[in-house]
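See below for the structure under consideration.
Since every read-out is calculated from the coordinates, none of them should be taken as a lab result. Just so you know, these numbers come straight off a predicted model, no measurement behind them. Here the Cβ positions follow ideal geometry from the backbone for every residue, glycine too, while neighbour counts run over all protein chains shown.
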Amino acid sequence: MNFSSLILPVLILGVFMHGVFKKVDILDAFAEGARENLVTSAQLLPTLALLMLAVGMFRASGALGAFTSLIAPLFEFLGFPPECLPLALLRPVSGSGALSVLENILSEQGPDSFAGKVASVLMGSTETTFYTVAVYFGATKIKKTRHALASALAGDMTAFLLSAAAVRLFLG
């Protein structure tokens, strides 16, 4: 038996034992936590639905293709493959949309192509920034994100450009 396969059962047993020693009604505590999570999920649902609707409209309207065509020469000059621009634009907004674009890149360009490698590195090194900000700040009811969104988007832009540089440097 592998040690890593024991981590979760040991952790669950530890939480259970802690509850027993502290004389906590474990079933009530679990039910209360589940209820609070359902309430939080219900509060976040409109925001997430709006985000998914906006992404769907952006893609279906052709605005994504038009914007990609407009900025492609700049990013190509910076060494970023233009085939990966739709992925770079969708990744901060939608994980499922980005996964769909990744699949297109891999099927059209091939997984061993420069664009396929950059897209793979890009997918693995970035986050769905707007989704994450909407969920975490929405769950904690924080209205002013201050510098969090700008910093996260700057990190995404850095990852976009460095994904191409890393592929060139490490994978030729």
Tilt, helix 7-21 to longest principal axis of the chain (alpha-carbon atoms), in degrees rounded to tens, equals 30
In degrees, nearest 10, range 0 to 90: what is the angle between the Cα axis of helix 148-171 and the longest Cα principal axis of the chain? 60
Site residue 67, offset 7 angstrom along Cα→Cβ, radius 15 Å on amide nitrogen, limited to the stretch 126-143, gives 129-131
What distance in nm separates the two pseudo spin-label positions at residue 50 and residue 78, each 7 Å out from Cα along the beta-carbon direction? 2.9
Paramagnetic reach from residue 137 in the stretch 42-77 [backbone N under 17 Å; point 7 Å along Cα→Cβ]: 44-52
Highest-first arrangement of 90-100, 17-27, 107-117, where packing means the average Cβ count within 10 Å: 90-100, 107-117, 17-27
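Can you tell me the order of 120-131, 77-88 when each peptide is scored by its average per-residue count of other Cβ atoms within 10 angstrom, highest first?
On the way: 120-131: 18.5, 77-88: 20.1.
Top to bottom by mean Cβ count within 10 Å: 77-88, 120-131.
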The chain: calculated mean residue ellipticity at 222 nm from DSSP helix runs of at least 4, using -39500 (n - 2.57): -26000 deg cm²/dmol
Degrees separating the helix 114-125 axis from the principal Cα axis of the chain, which is the longest one: 30
